[in-house]
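*Asks:* Okay, here's the structure, questions in a sec.
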Amino acid sequence: MKNPLAPGLPFLLLLVGLSLNIGCSSTNHSVSSCQDMDWYEAGRRDGSQGATAERLTEYRKSCASNFQADWETVYMNGRNAGLVEYCESRNGYELGRMGISYFYVCPAVVESDFLSFYRKGQKARDLEVENNKLNVKIDELAQKLVATNDQFYQRQIASELSQLKRTRALKEKELEKITSSN
């Protein structure tokens, strides 16, 4: 009797071998991959993602003795081009709003604008989180209000509910002010 798994076994072994090869090659560059690498594009990509210059150190270690000094210059030129894109104030706002960390990679001439917008984005995010928490509390109190027959307790809940709604309205107004200026 033939093993029903045997025909697919060579294919499975090939897939396992390829995945192991890909896993190993992503952590250590060979001589040819370091030489064939587009160092400008690698730098541009890293810069546009806000990566620190430490990324170059990782590449240098990965390529080991095969690393050539002129690659650093090409990489840094690309990284600087990528930072122009990354350090735009609009991007700073979006990064702050998404809660993505900033590692102080922008050049001094644009960093203050970038940080200003980044902090606005963080403030907008904080306000959204606070409003979501307020909405949950408002919903909980509204359910309690409907569930109780005690008039004294109903007045307490209604008063607290009214205060939470005022607070939420103020935060929404502040959020609208931030988002309309971007």
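The values are calculated or read from the model by the stated rules, or taken from the named source; none is laboratory data. Remember, it's a predicted structure, so these values are computed and weren't measured experimentally. Quick reminder, even Gly has a Cβ in these numbers, built from the backbone with ideal geometry, and neighbours come from all protein chains shown. Heads up: the accessible areas ignore ligands, DNA and RNA and are worked out on the full protein's heavy atoms, side chains in. Shrake-Rupley method; radii C 1.70, N 1.55, O 1.52, S 1.80 Å.
*Asks:* Provide the gained length on full extension for the span K144 to S101, in nm with one decimal, where the gain is 0.36 nm per separating residue minus the Cα-Cα distance.
*Replies:* 11.5 nm
*Asks:* For N77 and K173, compute 0.36 nm times the residue count separating them, minus their Cα-Cα distance, and round to one decimal in nm.
*Replies:* On the way: separation 96, 0.36 × 96 = 34.56 nm, distance 4.34 nm.
Length difference between fully extended and current span is 30.2 nm.
*Asks:* Taking 7 Å along the Cα-to-C-beta vector as the label spot, tell me the S181-E54 distance in nanometres, rounded to one decimal.
*Replies:* So the two model labels end up 3.3 nm from each other.
*Asks:* Please compute the modelled spin-label separation between S162 and N135, points set 7 Å along Cα→Cβ, answer in nm with one decimal.
*Replies:* About 2.5 nm, to one decimal.
*Asks:* Another question, if that's okay. Starting from the Cα-Cα distance between Q154 and R45, subtract it from 0.36 nm times their residue separation and give me the gain in nm to one decimal. Walk me through the numbers before you get to the answer.
*Replies:* Working: separation 109, 0.36 × 109 = 39.24 nm, distance 5.87 nm.
Here the answer is 33.4 nm.
*Asks:* I'd like the accessible area for M76, computed on protein heavy atoms only with a 1.4 Å probe and all protein chains in place. Round to 10 Å², please.
*Replies:* My reading of the accessible area for M76 is about 60 Å².
*Asks:* Please find the FRET efficiency linking R119 to E85, where r is the Cβ-Cβ separation and R0 is fixed at 22 Å, and quote it to the nearest 0.05.
*Replies:* Numbers: r = 20 Å, r/R0 = 0.91.
The computed FRET efficiency comes out at 0.65.
*Asks:* Can you list the HN-Hα couplings for the range 44-51, worked out from phi with the Karplus curve (6.51, -1.76, 1.60; θ = phi - 60°), rounded to whole Hz and with x for Gly and Pro?
*Replies:* My calculation for the range 44-51 gives 4, 4, 5, x, 5, 9, x, 5 Hz in order.
*Asks:* Using the structure shown, select from K61/K120; K120/K165; K144/K177 the pairs with a Cα to Cα distance greater than 26 angstrom. If you can, show how the numbers build up before the last one.
*Replies:* Working: K61/K120 38 Å; K120/K165 24 Å; K144/K177 33 Å.
Flagged as over cut-off: K61/K120; K144/K177.
*Asks:* Any chance you could check the Cα centroid distance between the range 112-182 and the range 42-68 for me, in angstrom?
*Replies:* Here the answer is 44 Å between Cα centres.
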